[in-house]
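Please read the structure below before turning to the comments.
The values are calculated or read from the model by the stated rules, or taken from the named source; none is laboratory data. Computed from a predicted structure; not experimentally measured. Cβ sites come from the backbone with ideal geometry, for glycine too, and all protein chains shown count toward neighbours.
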Amino acid sequence: MDIVDGIAANTTKGTVREVLRLIRLGKPQSLLDAPAGRGALASLAHKSGLKVTALELDRQMFSIEGVEFVAGNLDERLPIDDESFDCVACVDGIEHLENPFHLVREFHRILRPGGTVVISTPNISAWRSRVRYLFTGFHNKGKLPLEEEAPTPFHHINMLSYPMLRYMLVRYGFEIRDISTNRVKLIGLPYALLYPFVAFGTWFAFRHEKDSRQREINRDIYRQLLSWPIAMGETMIVAATRR
């Protein structure tokens, strides 16, 4: 958990500020923060001059003055008109949803053409997380089985790899703009020694693609999978533009 502007944020250290940096690159006027949590991102974005709307299931946990609040469920149709926002941010929310595909479609619907979506989520494509999965069957940020008899909205029920998140975004009308991370932890640095093995293994797997257009796309995905933020980052942060 990170403390941002005096507010507890249910995400890793540095994530909220990096998400805001990517938001500001698009120079938006309006922002939907969904899910807003206690309002860490909404508070910073509001103070930076953006017109912010916060969306959450329950208003009781949110109390940021000057920020409009909308109650809504990210697994359902959002109570927001089409093309209402310049930017949407989803900080560590998508992995909690039963239908993340639906959420991406909804973000496309409520964004104006050329608008930006910024999504952060635990980075299970990081090599450290992949090694953990090899030996335990569980990724970082989801190290133990979920409590089947006591399900909560805080469970990580849909952990997403980078290729899957990219697939969702591109399929529903977005173009990847930026890939970033909150930080690289010292404990993860030794995993950089895996680079030649991961690079060769990924190349070897991708070489079986027969379609020429998909081979071109795969070269882009290959570079992104080997990039520093994806290979080593704790949290995956992706910004994409609505086509």
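What to note about this one:
Each row is one residue, and each column tells you yes or no for (1) closer than 23 Å to HIS102 by Cβ; (2) out of contact with any strand residue (DSSP E or B) (no Cβ under 7 Å at 6 or more places or on another chain); (3) among the hydrophobic types (A, V, I, L, M, F, W, C).
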| site | (1), (2), (3) |
| --- | --- |
| ASN123 | yes, no, no |
| ALA126 | no, yes, yes |
| VAL131 | no, yes, yes |
| GLU149 | no, yes, no |
| ASP178 | no, no, no |
| THR181 | no, no, no |
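- Annotation: of all residues in region 131-140 being part of a helix (DSSP H, G or I) and of a type outside the set (D, E, K, R), the one that is surrounded by the most Cβ atoms within 10 Å (Cβ to Cβ) is TYR133.
- When each of ARG128, ARG166, ARG112 is tested for being surrounded by 13 or more Cβ atoms within 10 Å (Cβ to Cβ), in contact (Cβ under 8 Å) with a residue 40 or more places away in the chain, farther than 30 Å from ALA199 by Cβ and among the basic types (Lys, Arg), the lone residue that passes is ARG112.
- Highlighted here are the helices (runs of 4 or more DSSP H) found entirely within region 141-243 that include at least 1 residues which are polar (S, T, N, Q): 195-206, 212-225.
- Residues that are within 26 Å of ILE157 (Cβ to Cβ) and out of contact with any Leu (no Cβ under 7 Å at 6 or more places or on another chain) do occur in region 20-28.
- The residues on offer are ARG243, ARG171, ARG223, ARG215, and the sole one that is at pLDDT below 95 and among the charged types (D, E, K, R) is ARG243.
- Of all residues in region 108-115, at least one satisfies being outside any loop (DSSP other than H, G, I, E, B), in contact with a Cys (Cβ under 7 Å, 6 or more places away or on another chain) and small (Gly, Ala, Ser).
- SER43 vs. criteria in contact with a helix residue (DSSP H, G or I) (Cβ under 9 Å, 6 or more places away or on another chain) and surrounded by 16 or more Cβ atoms within 10 Å (Cβ to Cβ): no
- Test: ARG77 is over 17 Å from the mean Cα position of the chain (by Cα), of a type in the set (D, E, K, R), within 18 Å of GLY233 (Cα to Cα) and at pLDDT 95 or above: no
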